[in-house]
Structures are given as C-alpha cells and as structure tokens.
Amino acid sequence: MKENRGLLVGRMQPIHNGHLQVIKKTFEEVDELIIGIGSAQLSHSIKDPFTGGERIMMLTKALSENSIDSSNYYIIPLVDILMNAVWVSHVKMLTPPFKKVFSGNPLVQQLFKEENFDVIIPPLFNRTELSGTEVRKRMINDGDWKSLIPNSVVNIINKVNGIERIKHLSQKEISEKIE
Ligand code: NAD
C-alpha cells in the first residue's frame, strides 16, 4: 500500500506544459498524486472557458501522452465553496488521504499550512509563457497557443470547438462592457 501521497490543485484552464512539468516533478517526491481540478463548477467564461469534465479529459489524455502510469494518480473534480476556512476539510472529504501539498498559489499554501500539512512550493517553469492567462490570450488573438500545451489537449480543444467558444465569449463580454 502506497502511503506517500500528495495533492496538487489547479484550475487548469486549460492544462499547459507548465502543469505537466510540475506534475512530473512532484513524482520525484511522492508515490501517488491526487490532482484536484479546481473550480470544477466553472465554465464558459474567458477566465474559465472549459468545463470540469473537459478538463478531466484533457488531463487524462495529457498524462497518458506523457507516459505517466494511471495507477499512480487520481483526478478529482473540486467544486469551490464560499468558506475558505473550511475548504481543506471539503478537499479532504473528496480525496484519498494525503500528507503533502504542492502549490504555487498563496491562498492554497496558507489554508493547508494552517491545517499542518507539509506544503511544498514547486519551481515555476517559463512562467511568462506557461500560464493559463497567456494561453487564453493567444487563443483569443490568433497567437501560437498550441506550442504551450500538450498535443492531446490541442485535439480536445479542437473537438469541443474551444477556440470558437472563447472568441465568442470574449466578444460577448466586450459588448456587455459597452452596454
Ligand atoms: P492554476 O491552474 O493557476 O495552477 C495550478 C498549479 O500549477 C499551481 O500550484 C502552480 O504552482 C502550478 N503552475 C502553473 N503554471 C506553472 C508553471 N509555468 N510552472 C510551474 N508550475 C506551474 O490553479 P490555481 O489558481 O493554483 O488553483 C487553485 C484552485 O483552488 C482554484 O480552482 C481555486 O478556486 C481553488 N480554491 C478554492 C477555495 C474555496 O473554494 N474556498 C479556496 C482555495 C482555493
């Protein structure tokens, strides 16, 4: 039975090569990794264009593309709750037991530190390009978004007409601002 288990939570809108690198790095420190898909209830906005289900599909295919053994991770959708003070209990209720938490997000770090988890801040890989904000910006502006994400994720975004979706949403949000 593997007991050295860790948690990494991310909105992953969408999954990009930075997420993949950090996931590979965490496997140097844990036997099993729980990957929480954060804000799983959100979709169809410029900041959160993809559904929880689409992100689960993207992550599953990206991990397989990178030959990561599926017996070593769990992908769990995590819906946000309004109460930060009890969020760690909410996450614990939905996940297998874990001792280590990997996060670059200050709020996530703070909440788990206060509950005495071993919080590890992973190194950032090429953060200027490898960020969800940059990928989404390039999708809207016809930039090169494909080089920032795994090929399997490009395929899923094409299948769900993701570029059309985010471009349309960006028009909608601009017209709402003007009104
Ligand atoms: P994210 O997708 O921006 O990042 C996920 C992780 O990937 C981060 O820890 C970051 O360190 C890592 N990462 C991203 N780019 C990287 C790069 N280039 N190189 C290396 N690592 C990189 O997601 P996030 O914002 O950290 O997600 C936190 C989630 O937790 C959100 O969905 C948030 O809503 C949720 N949350 C909810 C509550 C609540 O419901 N009350 C409270 C706290 C957090």
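Exactly which trypsin sites (Lys or Arg not before Pro) in the range 1-95 are in a DSSP loop and have at most 15 other Cβ atoms within 10 Å?
Details: sites: 2, 5, 11, 24, 25, 47, 55, 61, 92; in loops: 2, 11, 47.
Counting only loop positions with at most 15 other Cβ atoms within 10 Å, the trypsin sites (Lys or Arg not before Pro) in the range 1-95 are 2, 47.
How long, wide and thick is the chain, going by the Cα atoms along their three principal axes, in whole angstroms, largest first?
51, 37, 27
List, in order, the whole-Hz ³J(HN,Hα) value for each residue of the range 118-127 obtained from phi through the Karplus relation with A = 6.51, B = -1.76, C = 1.60 and θ = phi - 60°; use x for Gly and Pro.
For the range 118-127, the Karplus-derived couplings read 7, 9, 10, 9, x, x, 8, 9, 6, 5 Hz, x marking Gly and Pro.
Which one of 140, 87, 20 has its Cα pushed farthest toward the positive end of the charge dipole of the chain, where Lys and Arg give +1 and Asp and Glu give -1 at the Cβ?
The residue sitting farthest along the positive end of the dipole is 140.
Mind listing which GluC sites (Glu not before Pro) in the range 38-119 are in a DSSP loop and have 16 or fewer other Cβ atoms within 10 Å? Kindly include the intermediate steps, with their values, before the conclusion.
Numbers: sites: 54, 65, 114, 115; in loops: 115.
Listed in order of number, the matching sites are 115.
Could you give the dipole magnitude of the range 1-100 about its Cα centre, charging the beta-carbon of Lys and Arg +1 and that of Asp and Glu -1, in debye to the nearest 20?
Using only the charged Cβ atoms, the result is roughly 160 debye.
Just how large is the dipole of the chain about the Cα centre, in debye to the nearest 20, putting +1 at every Lys and Arg Cβ and -1 at every Asp and Glu Cβ?
Details: 22 positive and 21 negative charges, 41 e Å.
In total the dipole reaches around 200 debye.
Which whole-number percent gives the relative contact order of the chain, counting Cα pairs below 8 Å spaced six or more residues apart? Working shown, then result.
Numbers: 262 pairs, mean separation 50.4, N = 179.
It rounds to 28 percent for the chain.
Among the listed pairs 100/159; 25/61; 24/47; 99/159; 92/159, which have their C-alpha atoms separated by more than 30 angstrom in this model? Let's see the in-between values first.
On the way: 100/159 35 Å; 25/61 18 Å; 24/47 25 Å; 99/159 37 Å; 92/159 33 Å.
Checking Cα-Cα distances, 100/159; 99/159; 92/159 exceed 30 Å.
Name the residue, out of 62, 85, 40, whose mean-square fluctuation peaks in a Gaussian network model built on the chain with Cα pairs under 10 Å.
85
Only four residue types carry charge here, +1 at the Cβ of Lys and Arg and -1 at the Cβ of Asp and Glu. Report the dipole size of the range 44-123 about the Cα centre in Debye, rounded to the nearest 20. Walk me through the numbers on the way to the answer.
Details: 7 positive and 8 negative charges, 13 e Å.
Around 60 debye, computed over the range 44-123.
Given H placed 1.01 Å from N in the peptide plane, which residues other than close sequence neighbours of residue 33 have an amide H under 5 Å from its amide H?
Excluding prolines and chain starts, which carry no amide H, the hits are 6, 73, 74.
What is the ratio of the Cα radius of gyration of the range 74-179 to 2.2 N^0.38 Å, where N is its residue count, to two decimals?
1.38
Every read-out reported here was derived from the displayed coordinates using simple, explicitly stated rules and does not represent laboratory data. This structure is a prediction, so every number in the text was calculated from the model and none was measured. Counting neighbours? That spans all protein chains shown, and the Cβs are built from the backbone with ideal geometry, glycine included.
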